[in-house]
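Okay, so here's the structure we're looking at.
The values are calculated or read from the model by the stated rules, or taken from the named source; none is laboratory data. Since the structure is predicted, the reported quantities are computational estimates derived from the model, not experimental observations. Neighbour counts are summed over all protein chains in view; Cβ atoms, including those assigned to glycine, are modelled from backbone coordinates with ideal geometry.
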């Protein structure tokens, strides 16, 4: 996901406006609303469809973690916020990635699908902390403690509509079993 933030920071992410200037696309309008030219700011913040979705995600986070209190602005959303802890910035980056992925695939923004992305990120972070770097489990718990309750159980992820996550999850299970066998 670093590549996405790098491209946003350097204004080289493939928006429809940029692609039209390169003669790759004929239409420069937003992929979601099709009303205005799709610039970086418009794609990630100014589009009413995206803005509504971002606020929906923000409300979900605020209701899931009661004492989590942060305001989203265009600047905070596009570039992150040093005052926010690492998981909040990671989730904001994951949200931008999800929006961009939906744009590329011609999909719709869906809160349940995004929640599964977040849950998968947490499962992955915990897997890395426990299986690959056993010392880092305490660090994982401290950093992600507020978000751990968002984790999915094994069966939720198996019914996730995107096959790539099913495959990733099965690989994680196989790696976890392998690491357990190695440690034994």
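Among residues of segment 72-84 that are in contact (Cβ under 8 Å) with a residue 12 or more places away in the chain, those with a beta-carbon under 7 Å from a residue that is outside any helix (DSSP H, G or I) at least six positions away or on a different chain give the pairs 84/70. When we screen 119, 96 for residues that are surrounded by 16 or more Cβ atoms within 10 Å (Cβ to Cβ), under 15 Å from the mean Cα position of the chain (by Cα) and assigned by TED's automatic domain parsing to the domain that holds residue 73, the only hit is 96. Comparison of 53, 44, 70 shows that the only residue that is surrounded by 12 or more Cβ atoms within 10 Å (Cβ to Cβ), modelled with pLDDT under 90, within 29 Å of residue 125 (Cβ to Cβ) and outside the structural domain of residue 125 (by TED's automatic domain parsing) is 70.
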